[in-house]
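**Q** Shown below is the structure under consideration.
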Amino acid sequence: PHPNFQSLPHRPPIVTIMGHVDHGKTTLLDTLRSSSVAKGEAGGITQHIGAFSVPVLGRDDEDGPRSITFLDTPGHAAFSAMRARGADVTDIVILVVAADDGIMPQTKEVINLLRKEDSKIQLIVAINKIDKPGANPESIKKALLAEGIQLEEYGGDIPAVLVSGLTGEGLPELVETISAVAEIQELRAEQDGPVYGHVLESNFHKGLGPVATVLVQRGCLKVGTRIISGLCQGKVRRMTDSNGKAVHSALPGMAVTVSGWKALPKAGDDVLQGSEGDIKRALSNRAKKAEIENLQDDIDAINLA
Ligand code: GTP
Ligand code: NA
Ligand code: MG
């Protein structure tokens, strides 16, 4: 822990949406995203980068977050990979449950995932599809209680918000609930010092070569910063935010698409800043370790020059 934690700047909460098949995760994210894009600059067309940012309006005080970073569906793969290694990037999980359905296998999976260890992740339940004639939010709440989910209105600490991803009903309350939870979580991060983050997803881009969406968790990632992720090194050449806008720097809580890699980083791997020498040594050490582990094929693909 930082000796002067209370003096560090706030960072946006990182939110992942999970839940059973067809309970409306994508629709919810799309509606949140399109309403935030509409409120943003003209012509700001959101490209897919595995994460997007929603501004929290009407918050002029210093205590709450100014924006929320949502991890998109492909973020799930990275989420699982990171959870498997005990690296929590998520502060809040929104569990989506369709009000016309019930607690299904993947709903239970999420509940069990969050029950594990001494996780600091805060759960928020979004009871979705309340616009549907067959919606029965009260029965969903009872079923959640039966699963051991201590809802706020029954004396617990887990908020439940009624929403419709289709009509947008309840989404302002959901955003308000996220921001209230984040305020309690005291999410702060150092903006000075070396960069630390994680790869959310990566792919080959025809013009730019290997490209990775990086969630910055500490420090300030800048164009020109030398970074290492797994067995890949890079020097940030170009960065774009979740609106596809070129940016020169990214602060903690921001997800940016980064080009300038010599190889393709893996989703879920961490990202560290270093000097040219540090990174060379780290790469050589990691390569040796990989060799010992008999990962010769991987090593051959790496340009160590
Ligand atoms: P998977 O990614 O396949 O797990 O599904 P998902 O959870 O992302 O669900 P998705 O958003 O694809 O929605 C599934 C279906 O439910 C689609 O036909 C949506 O139009 C519908 N749907 C989602 N949200 C709502 C809602 O709030 N109200 C109504 N009436 N329909 C909804
Ligand atoms: Na679906
Ligand atoms: Mg989906």
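The values are calculated or read from the model by the stated rules, or taken from the named source; none is laboratory data. As the structure is a computational prediction, the values presented were derived from the model and not from experiment. Here the Cβ positions follow ideal geometry from the backbone for every residue, glycine too, while neighbour counts run over all protein chains shown.
**Q** Among Gly234, Gly207, Gly193, which is the only one that is on the phi > 0 side of the Ramachandran plot and not in a helix (DSSP H, G or I)?
**A** Gly193
**Q** Another one. Given the options Asp100, Asp60, name the one that is within 25 Å of Glu169 (Cα to Cα), of a type in the set (Asp, Glu) and modelled with pLDDT of 75 or more.
**A** Among Asp100, Asp60, only Asp100 is within 25 Å of Glu169 (Cα to Cα), of a type in the set (Asp, Glu) and modelled with pLDDT of 75 or more.
For every residue, the table says whether it meets (1) under 16 Å from Ile302 (Cβ atoms); (2) among the charged types (D, E, K, R); (3) touching a residue at least 40 places away in the same chain (Cβ under 8 Å); (4) touching an Asp or Glu at 6+ places or on another chain (Cβ under 9 Å).
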{"site": "Gly230", "(1), (2), (3), (4)": "yes, no, yes, yes"}
{"site": "Thr240", "(1), (2), (3), (4)": "no, no, yes, no"}
{"site": "Met254", "(1), (2), (3), (4)": "no, no, yes, yes"}
{"site": "Ser259", "(1), (2), (3), (4)": "no, no, yes, no"}
{"site": "Ala263", "(1), (2), (3), (4)": "yes, no, yes, no"}
{"site": "Gly268", "(1), (2), (3), (4)": "no, no, yes, no"}
{"site": "Gly277", "(1), (2), (3), (4)": "no, no, no, no"}
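**Q** Taking the residues in the range 88-111 that are assigned to a strand (DSSP E or B) and in contact with a Leu (Cβ under 9 Å, 6 or more places away or on another chain) as candidates, determine which candidate is farthest from ligand 3 (Cβ to nearest atom).
**A** Ile92
**Q** Limited to the range 112-155, what total is found for residues that are over 20 Å from the mean Cα position of the chain (by Cα) and either surrounded by 15 or more Cβ atoms within 10 Å (Cβ to Cβ) or part of a helix (DSSP H, G or I) (or both)?
**A** Summing the residues that are over 20 Å from the mean Cα position of the chain (by Cα) and either surrounded by 15 or more Cβ atoms within 10 Å (Cβ to Cβ) or part of a helix (DSSP H, G or I) (or both) in the range 112-155 gives 22.
**Q** Which ones in the range 19-57 are assigned to a loop (DSSP other than H, G, I, E, B), within 16 Å of ligand 3 (Cβ to nearest atom) and modelled with pLDDT of 70 or more?
**A** Matches in the range 19-57: His20, Val21, Asp22, His23, Gly24, Gly50.
**Q** Limited to the range 96-113, what total is found for residues that are among the small types (Gly, Ala, Ser) and within 12 Å of ligand 1 (Cβ to nearest atom)?
**A** The number of residues fulfilling the criteria is 2.
**Q** Which is away from ligand 3 (no atom under 16 Å from the Cβ), closer than 21 Å to Val96 by Cβ and either among the charged types (D, E, K, R) or under 17 Å from the mean Cα position of the chain (by Cα) (or both), of Glu190, Glu169, Glu183?
**A** None of the other options fit; the residue is Glu169.
**Q** Still on this structure, I have one more. Any residue at all in the range 170-187 that is among the charged types (D, E, K, R), in contact with a helix residue (DSSP H, G or I) (Cβ under 9 Å, 6 or more places away or on another chain) and surrounded by fewer than 17 Cβ atoms within 10 Å (Cβ to Cβ)?
**A** yes
**Q** Just to check your reading of the model, which residue among Glu183, Glu169 is acidic (Asp, Glu), modelled with pLDDT of 95 or more and not in a strand (DSSP E or B)?
**A** Answer to the check: Glu169.
**Q** Look through the range 237-282, keep the residues that are in a loop (DSSP other than H, G, I, E, B) and among the polar types (S, T, N, Q), and return whichever of them is modelled with the lowest pLDDT.
**A** Out of the qualifying residues, it is Asn243.
**Q** Considering (1) more than 30 Å from Glu276 (Cα to Cα); (2) within 16 Å of ligand 3 (Cβ to nearest atom), say which one Glu201 fails and leave the rest.
**A** Evaluating Glu201 over (1) more than 30 Å from Glu276 (Cα to Cα); (2) within 16 Å of ligand 3 (Cβ to nearest atom) leaves (1) as the failure.
**Q** Okay, next question. Condition test on Leu200, is it touching a Pro at 6+ places or on another chain (Cβ under 8 Å) and under 24 Å from Ser249 (Cβ atoms)?
**A** yes
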